[in-house]
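These notes are about the structure you will find just below.
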Amino acid sequence: MPIASTFTRLALSGALSLAMLGSAQAQDDVRIGFIVKKPEQAWFINEQEAATQLGEEKGFSVVRLGGEDGQEVLSAIDNLNSQGAQGFVICPPDVRLGPAIMNRANQYGMKVVTVDDRFVGSDGEPMEDVPHLGMSGYKIGQQVGNAIAEEMEARGWDPQEVAALRITNYELPTAKERTDGATDALTEWGFPEDNIFDAPQQNTDTSSAFSAASPVISKRGDFEHWIIYALNEESVLGGVRATEQYGLAAEDVIGVGINGSGAAFAEFSRSNPTGFHGTVAVSSTAHGRQTADNLYQWITEGEKPPANTETSGTLMTRDNWEEVRADLGL
Ligand code: FCA
């Protein structure tokens, strides 16, 4: 190959890649963080992936971080600042950290959007100033309660002889809304309030739900039939595992969760059905994309996202989970 032409080609490709670099540079100017309280949970992995994917489509970068306690969140924010991020989406490990998180973010001039768990101010009220997107907890809780009631009917259970394991997390408003919604739907249907037993969990994961559930189930050994609900499917699974450990059969247990993520898919894929009857699926993909997009628009166009956006859910059981999964883009 003649030297001249090689040179021309090199020069040309150099110019091209410089031009590409130029535009990539402009796009790379926007960098956002996506901080989640439980980075190992399928729900949060999916949210972060969806945000990253949107960033690839629109040309901004997403730094995925975990923040499992206040210290970790604050150092994640420092880390984002040193990377030149203009803002972040966060699901905080404790909603009462809202004021401290906003302090740090404001010091750096970063914009903040919350997802799933909404900040609570020092007055105990939601921090309306920080745009939020989360599920409509009460309504989704009602869906859980109704799904359990229908299944009790299908199995011909007498509600007087059924115990309800309510795995609670009253420190977290969205958790309380969800379990309140389920309780109200159940009692409206005729479930006796006296048969509802609380198992307060310390965390929103399977192991803390298992620890909370075990003593409650063993104390009420007189009940043969159990229903289980909680703020999410990970927690309901902890309850289901506790009934199994206690020796209850799958047909004696009806657990219905919330989320529709990998934890539920794995359970539905098992060859033998378990006491995990279903889950109300919400699109974690949509939560991740929408919040990242809201923040991106805010940074680039100065358009502040709506104060509060609520999303809805669809019941997913062993029979329809693959279909619902595809519909929700999960
Ligand atoms: C809370 C729960 C998560 C998920 C999310 C939408 O953060 O802990 O499992 O349900 O709300």
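Going through the stretch 168-207 one residue at a time, which ones are within 14 Å of residue 236 (Cβ to Cβ) and assigned to a helix (DSSP H, G or I)? Residues satisfying the conditions are 175, 178, 179, 182, 206, 207. If the condition is being open to solvent by 10 Å² or more (accessible area, probe 1.4 Å), within 14 Å of the ligand (Cβ to nearest atom) and not in a loop (DSSP other than H, G, I, E, B), then the stretch 114-148 contributes 120, 132, 135, 138, 139, 143. If the condition is being loosely packed, with under 13 Cβ neighbours inside 10 Å and in a helix (DSSP H, G or I), then the stretch 311-330 contributes 323, 326. When residues in the stretch 188-207 are screened for being open to solvent by 40 Å² or more (accessible area, probe 1.4 Å) and among the β-branched types (Val, Ile, Thr), 1 of them pass. Among residues of the stretch 76-95 being free of Cβ contacts under 8 Å to residues at least 60 places away in the same chain and within 16 Å of the ligand (Cβ to nearest atom), the one that is surrounded by the most Cβ atoms within 10 Å (Cβ to Cβ) is 90. Looking across the stretch 153-165, the residues that are open to solvent by 10 Å² or more (accessible area, probe 1.4 Å) and either within 16 Å of the ligand (Cβ to nearest atom) or of a type in the set (A, V, I, L, M, F, W, C) (or both) come down to 154, 157.
Reported count of residues in the stretch 96-113, each being among the small types (Gly, Ala, Ser) and open to solvent by 40 Å² or more (accessible area, probe 1.4 Å), is 2.
All conditions but one from (1) part of a helix (DSSP H, G or I); (2) over 22 Å from the mean Cα position of the chain (by Cα); (3) farther than 22 Å from residue 304 by Cβ apply to residue 81; the one that does not is (3).
Each row is one residue, and each column tells you yes or no for (1) within 24 Å of residue 102 (Cα to Cα); (2) under 13 Å from the mean Cα position of the chain (by Cα); (3) among the β-branched types (Val, Ile, Thr); (4) modelled with pLDDT of 95 or more.
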residue: 32; (1), (2), (3), (4): yes, no, yes, yes
residue: 35; (1), (2), (3), (4): yes, yes, yes, yes
residue: 38; (1), (2), (3), (4): yes, yes, no, yes
residue: 43; (1), (2), (3), (4): no, yes, no, yes
residue: 63; (1), (2), (3), (4): yes, no, yes, yes
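Quick one: in the stretch 170-187, of everything that is in contact (Cβ under 8 Å) with a residue 12 or more places away in the chain and either over 30 Å from residue 67 (Cβ atoms) or away from the ligand (no atom under 13 Å from the Cβ) (or both), which residue is most open to solvent (accessible area, probe 1.4 Å)? The extreme case among them is 170. Step by step: first the residues of the stretch 30-46, then only those that are within 12 Å of the ligand (Cβ to nearest atom) and surrounded by 20 or more Cβ atoms within 10 Å (Cβ to Cβ), then the one that is nearest to residue 295 (Cα to Cα). Which residue is that? The selected residue is 36. Contact annotation: residue pairs with Cβ atoms under 6 Å, 6 or more positions apart or on different chains, pairing a residue in the stretch 245-262 that is at pLDDT 95 or above with a partner that is part of a loop (DSSP other than H, G, I, E, B) and surrounded by fewer than 16 Cβ atoms within 10 Å (Cβ to Cβ), are 250/273; 252/224.
The values are calculated or read from the model by the stated rules, or taken from the named source; none is laboratory data. Remember, it's a predicted structure, so these values are computed and weren't measured experimentally. Because the Cβ atoms are built from the backbone with ideal geometry, glycine has one as well, and the counts that use them run over all protein chains shown. For the accessible areas, the whole protein counts, side chains as well, though only heavy atoms, and no ligand, DNA or RNA atoms are used. Shrake-Rupley method; radii C 1.70, N 1.55, O 1.52, S 1.80 Å.
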